[in-house]
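The values are calculated or read from the model by the stated rules, or taken from the named source; none is laboratory data. Predicted model, so just to flag it, every value in this text is computed and none were measured. We place every Cβ from the backbone using ideal geometry, glycine too, and count neighbours over all the protein chains shown. Ligands, DNA and RNA are excluded from the accessible area calculation, which covers all protein heavy atoms including side chains. Shrake-Rupley method; radii C 1.70, N 1.55, O 1.52, S 1.80 Å.
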Amino acid sequence: MNMRAAAAAVFCAFALLFAVSAATAAEPRATILSFGRYETQIAGKPEKAERTASGIVQPVDGHRLLERSDVIVGQFGNTFGIELKLENFPAGVAALTIRTTHPPLTNPKTGKETTVSEYDWTSSTRDSTYFCFSFDEKWEIAEGNWTIQVLHEGKVIAEKTFKIVVPLN
């Protein structure tokens, strides 16, 4: 191979690498700003969510981080979650899927057992966004690893695992 052909091959390799890097950098993604145990303010009525253990999701009007931790006490009323910043999305709203994997939960009203709770959500791309799980029913409390994932177009763009510990009382 002569020098000119070798230089052209190196230039093409760098151009291809740059194009792949630029495309990857512009892909929608999310950065976790905070995580842990939260206090939340409920907004409106629950919405149906057939792919969740409880069958509903509860919109939240506000939240406040009480403790930054990935170890959460599994007790009635505790809420844990993540706050994130969406990046490289078009201005407006983003269509997301929120998936929580958890130990087996059985809804006593339906008899349905699940290890994955999932729902679709649209979120503003301008502000930070918040997703959580709240132990609103005793049957929802299960010890083990719980992972909250945020997906866009089927791709995980944020993920956080929490260890839920249940007191002996």
- Task: Looking only at region 154-161, decide whether some residue is in a loop (DSSP other than H, G, I, E, B), farther than 19 Å from residue 30 by Cα and of a type outside the set (Lys, Arg).
- Result: no
- Query: Which of the strands (runs of 3 or more DSSP E) contained wholly in region 29-144 include at least 1 residues that are touching a His at 6+ places or on another chain (Cβ under 8 Å) and either within 21 Å of residue 162 (Cβ to Cβ) or open to solvent by 70 Å² or more (accessible area, probe 1.4 Å) (or both)?
  - Reply: 29-42, 79-87, 93-106, 113-124, 129-134
- Every residue from region 145-164 that is among the small types (Gly, Ala, Ser) and either out of contact with any strand residue (DSSP E or B) (no Cβ under 6 Å at 6 or more places or on another chain) or open to solvent by 60 Å² or more (accessible area, probe 1.4 Å) (or both): 154
